[in-house]
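Structure record follows, encoded as structure tokens.
The values are calculated or read from the model by the stated rules, or taken from the named source; none is laboratory data. Note that the structure is a prediction, hence the values are computed from the model and not measured. Note: ideal-geometry Cβ built from the backbone for every residue, glycine included; neighbour counts use all protein chains shown. Areas reflect the complete protein model, heavy atoms only, side chains present, ligands, DNA and RNA absent. Shrake-Rupley method; radii C 1.70, N 1.55, O 1.52, S 1.80 Å.
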Amino acid sequence: ATEGDHKVKLKIEYNGIWTETQNFVVRVRTFDSILNIEEYSFEPDEIKAGEPFKLKLKLKNYADNYLRDVSVKLELDSTSFAPDKSTNLKVIKELAPYKVESVDFNLISDNTLTAKLHKILARITYVNNLGNTFARNSTLGIAVKSEPEYSVNIDQSEVFSKKDQGKVVVSFYNTGTS
């Protein structure tokens, strides 16, 4: 049964005689409430070192009861990401049964961030109708991409004009994060 107050009527047989009761209310309460990150995305799609981006989380209430005081906190202390013009904490006052709600975080990455998959932790807490508090942790992956950056220098040259021959020493330097 789903959570809520339900009207019930009983039909009882005793010694071959059927009797029907008046309607009475049975209150059904859900003890376990499940809230999950249904999906997440980034804007722009490609995250680059030193540039701001938006992390969009879609939270789904899988319970048949209302959830309240839903709190989503990104653990950024040991990462190379920081909030940008916002905080790392978002709160939803109430989330209806089976509904999806979005929360957005404005973030920026460190400009020395290497191009690879980075992980951050999302801590979610919420309260159900009975006042039970729940906590969940979800790991999110952020793929940071960057184009190779390099510089080329001519370190030495024995050539001084167009048709001269000689040795040239060229150095290539990787100046990027990939």
- Can you name the residue in the stretch 102-144 that is more than 21 Å from Lys85 (Cα to Cα) and of a type in the set (D, E, K, R) and is also least open to solvent (accessible area, probe 1.4 Å) among such residues? Arg136
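Do we have Val127 as within 25 Å of Glu94 (Cα to Cα) and either in contact with a strand residue (DSSP E or B) (Cβ under 8 Å, 6 or more places away or on another chain) or free of Cβ contacts under 8 Å to residues at least 12 places away in the same chain (or both) here?
Numbers: within 25 Å of Glu94 (Cα to Cα): yes; either in contact with a strand residue (DSSP E or B) (Cβ under 8 Å, 6 or more places away or on another chain) or free of Cβ contacts under 8 Å to residues at least 12 places away in the same chain (or both): yes.
So Val127 fits the description; yes.
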- Query: Out of all the residues in the stretch 4-23, is one or more surrounded by 14 or more Cβ atoms within 10 Å (Cβ to Cβ), touching a residue at least 12 places away in the same chain (Cβ under 8 Å) and not in a loop (DSSP other than H, G, I, E, B)?
  - Reply: yes
- Task: Give the number of residues within the stretch 145-155 that are closer than 22 Å to Lys54 by Cα and either open to solvent by 90 Å² or more (accessible area, probe 1.4 Å) or in contact with a helix residue (DSSP H, G or I) (Cβ under 6 Å, 6 or more places away or on another chain) (or both).
- Result: 2
- Are any of the residues in the stretch 169-178 of a type in the set (Phe, Trp, Tyr), in a loop (DSSP other than H, G, I, E, B), more than 20 Å from the chain's Cα centre (by Cα) and modelled with pLDDT under 85? no
- Query: Taking into account only those residues within the stretch 42-82 that are in contact with a strand residue (DSSP E or B) (Cβ under 8 Å, 6 or more places away or on another chain), assigned to a loop (DSSP other than H, G, I, E, B) and without any contact (Cβ under 8 Å) to a residue 40 or more places away in the chain, which is least open to solvent (accessible area, probe 1.4 Å)?
  - Reply: Ser80
